[in-house]
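Below: one structure, written as structure tokens.
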């Protein structure tokens with residue numbers, strides 16, 4: 001993390017126009033920092049064999065085959081339940097693979113690791129994944145002594161946290177599932193103190209704060225995946241279809 005900033009303060013003095021010595025004062029400060037936190041993780045992506053519909057080498061953690069059943073073979077077993085038939089050779093016929101599935105696979109990388117024993121999971125390592133945050137905080141204040149009995153000041157502040165920028169899978173392109181969020185704070189105060197007598201003061205203050213949580217989404221054109229315009233027009237958030245790995249922290 002890199003943190004830095006500065007502050008300026010002093011009397012307000014404009015030659016030949018205004019002399020605020022002992023009466024008017026200003027202060028301005030800025031603080032910023034940049035932070036990048038490594039977030040390496042394992043993920044799982046389909047192998048070349050799986051992409052062709054061949055799941056004959058897909059096993060459970062106990063070594064048993066992960067049987068792929070034909071959903072169109074579902075039928076009643078006559079006892080209140082249902083049965084299905086597995087695909088021959090645990091392989092989905094090519095004519096049964098949806099074009100949408102084939103198109104999405106073009107955006108997903110091939111594994112770079114052999115993965116876990118039996119299951120083959122955790123076959124992708126996102127070594128360069130990192131969460132990046134940029135922070136800027138500004139504060140300004142003006143004080144003015146109207147008289148020996150009345151003093152006033154105004155203060156404003158603004159903070160912008162442009163952060164939580166992270167590509168969990170460390171892959172390029174629309175399937176990267178990048179996250180970009182932020183937070184903005186605004187605030188202002190006006191204050192006046194009047195001395196009624198040597199033993200009593202009157203203080204009047206007004207202030208407000210505002211907080212905004214931001215989330216930036218990269219809009220995606222679903223027609224590239226074959227979705228129809230009639231469906232797209234009814235969808236307010238156009239993002240790449242989500243997919244699940246096996247080790248995402250959230």
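The numbers here are math on the coordinates, done by the rules we state, and not lab data. For clarity, every value in this text was computed on a predicted model and none was experimentally measured. Glycine also receives a Cβ, built like all others from the backbone with ideal geometry; neighbour counts cover every protein chain displayed.
Using Cα pairs closer than 8 Å and at least 6 residues apart in sequence, work out the relative contact order for segment 103-205, in percent. Don't skip to the end; give the middle numbers.
Numbers: 187 pairs, mean separation 23.9, N = 103.
Over segment 103-205, the number comes to 23 percent.
Extension gain residue 62-residue 139, at 0.36 nm per residue separation less the Cα-Cα distance, in nm? Don't skip to the answer; put the middle values down first.
Numbers: separation 77, 0.36 × 77 = 27.72 nm, distance 6.05 nm.
Length gained between residue 62 and residue 139: 21.7 nm.
If I take every Cα pair under 8 Å that is 6 or more residues apart in segment 47-123, average their sequence separation and divide by the length, what percent do I get for the relative contact order?
Working: 85 pairs, mean separation 26.7, N = 77.
In percent, rounded to a whole number, it is 35.
Put in line by how crowded their Cβ is, counting other Cβ atoms within 10 Å and starting with the fewest, 161, 210 read 210, 161. Among 50-60, 12-22, sorting by the average number of other beta carbon atoms lying within 10 angstrom of each residue, highest first, gives 50-60, 12-22. Of 131, 35, 95, which has the largest mean-square fluctuation in a 10 Å C-alpha GNM of the chain? Taking springs between Cα atoms under 10 Å, the residue moving most is 95.
Between segment 160-233 and segment 36-105, the alpha-carbon centres lie 41 Å apart. Label separation (residue 106 vs residue 48): 1.9 nm, computed from points 7 Å beyond Cα along the C-beta direction.
Computed on the chain, with alpha-carbon pairs under 8 angstrom and 6+ residues apart, the relative contact order is 18 percent. For the pair residue 12 and residue 69, the difference between a 0.36 nm per residue extended length and the Cα-Cα distance amounts to 12.6 nm.
Sorted fewest first by neighbouring Cβ atoms within 10 angstrom, 134, 143, 85 come out as 85, 134, 143.
Between the beta carbons of residue 125 and residue 193, assuming R0 = 51 Å, the FRET efficiency works out to 0.25 to the nearest 0.05. The slack in the chain from residue 97 to residue 34, taken as 0.36 nm per residue of separation less the alpha-carbon distance, amounts to 18.1 nm.
Can you work out the FRET efficiency for the pair residue 146 and residue 209, with r the C-beta to C-beta distance and R0 = 45 Å, to the nearest 0.05?
On the way: r = 26 Å, r/R0 = 0.59.
Computed FRET efficiency for residue 146 and residue 209: 0.95.
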